[in-house]
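For reference, the structure is listed below as structure tokens.
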Amino acid sequence: MIDTDAKAAEPAKMPRQLRVMMFITLFAFTFLVAIRFLNDFNLYPVLAPFSAHDPAVAPDNAKSRDDVTELRLETADGVNLYGWRQGPEDAKVKVIYFQGNYEQVGRSPKFMADRCEELGAEILHFDYRGYGASEGRPSEQSLYADAREIYAYALKELAWQPEQIVIWGRSLGGAVAIRLASELVSDDRPEPLPRGERPCCLVIDSPFSNIKDMAGHRLGFLVVPHWVTFEGYDNLAIAPRLELPVFHFHGDQDNIAPVEMGRRIHAALPGPSEWLELEGVGHNDFWRSKERREMIYGRLREFLAANTKS
């Protein structure tokens, strides 16, 4: 005899097709979450577990140097940024430097001191949010907003004159510098950028075209790699608006931001510009050769002499 009550109490099995669909959905969700974190870690390595960034490095190094003034800037949203003012205060050239995504203020003080000496410059250099001794968490829009506040700080608090200011960006910092420069040559400047003169020029070192192109370069095995990117940093789209002198250098063996990206950015520039393509040079080895270092600094000195006002 069949126990109909026991059979009725038995839970119904989920259809196989539904189980497969649920598995696929869960896998896709997990994959996208993982890609989001990998995007963050790749763009901002400071966010990765076991990051090498140390908030004590710059303050400790500053104690042993007489060419450094430590600075703190509180942003409009209450985040404290840490930075250095390095080099002679009476320098005619004033550089606002935006670093690459692996760089940190104060980690290479001798290198920056040499740059100040070679270019006769004073350099203002803040850590991005979440980097070094700066608070917060980095993102594309927050880095752009902080760059505006740093520029306004240079004018209002340090009394730097726009015609002396060089905006310099390297790699990821190239995107920040390009965006800031484009806003400063616009008639409609966003807050807190003051109205007035433009900076004298822009220096960009190994910039990428945009994050979608970087995704294609780094994640080409995916069918549509830009579907899994979450930041834009579209330097190529902004380049046609950069109506100021630009000095752009790039290594032809750059495997991080390929030189083809740099060539496309440079071709889109509307104003007077100089292009220096370095043979046999990668993303991080511009300065390792004494001869190459002297050549780059020589070209930069000529460019700055032609475009800065004393």
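The values are calculated or read from the model by the stated rules, or taken from the named source; none is laboratory data. Everything numeric here is computed off the predicted structure, so don't read it as measured data. Because the Cβ atoms are built from the backbone with ideal geometry, glycine has one as well, and the counts that use them run over all protein chains shown.
Taking region 68-98 only, how many residues are assigned to a loop (DSSP other than H, G, I, E, B), surrounded by 17 or more Cβ atoms within 10 Å (Cβ to Cβ) and touching a strand residue (DSSP E or B) at 6+ places or on another chain (Cβ under 8 Å)?
2
Could you tell me which numbered condition G232 fails, if it satisfies all but one of (1) at pLDDT below 95; (2) buried (at least 18 other Cβ atoms within 10 Å of the Cβ); (3) closer than 23 Å to Q141 by Cα?
The number of the failed condition is (2).
Residues in region 255-267: is at least one under 23 Å from L119 (Cα atoms), among the aliphatic types (A, V, I, L, M) and either part of a helix (DSSP H, G or I) or touching a strand residue (DSSP E or B) at 6+ places or on another chain (Cβ under 9 Å) (or both)?
No, every residue in region 255-267 fails to be under 23 Å from L119 (Cα atoms), among the aliphatic types (A, V, I, L, M) and either part of a helix (DSSP H, G or I) or touching a strand residue (DSSP E or B) at 6+ places or on another chain (Cβ under 9 Å) (or both).
Among the residues of region 170-201, how many are assigned to a strand (DSSP E or B) and touching a Pro at 6+ places or on another chain (Cβ under 7 Å)?
Residues meeting the conditions: 1.
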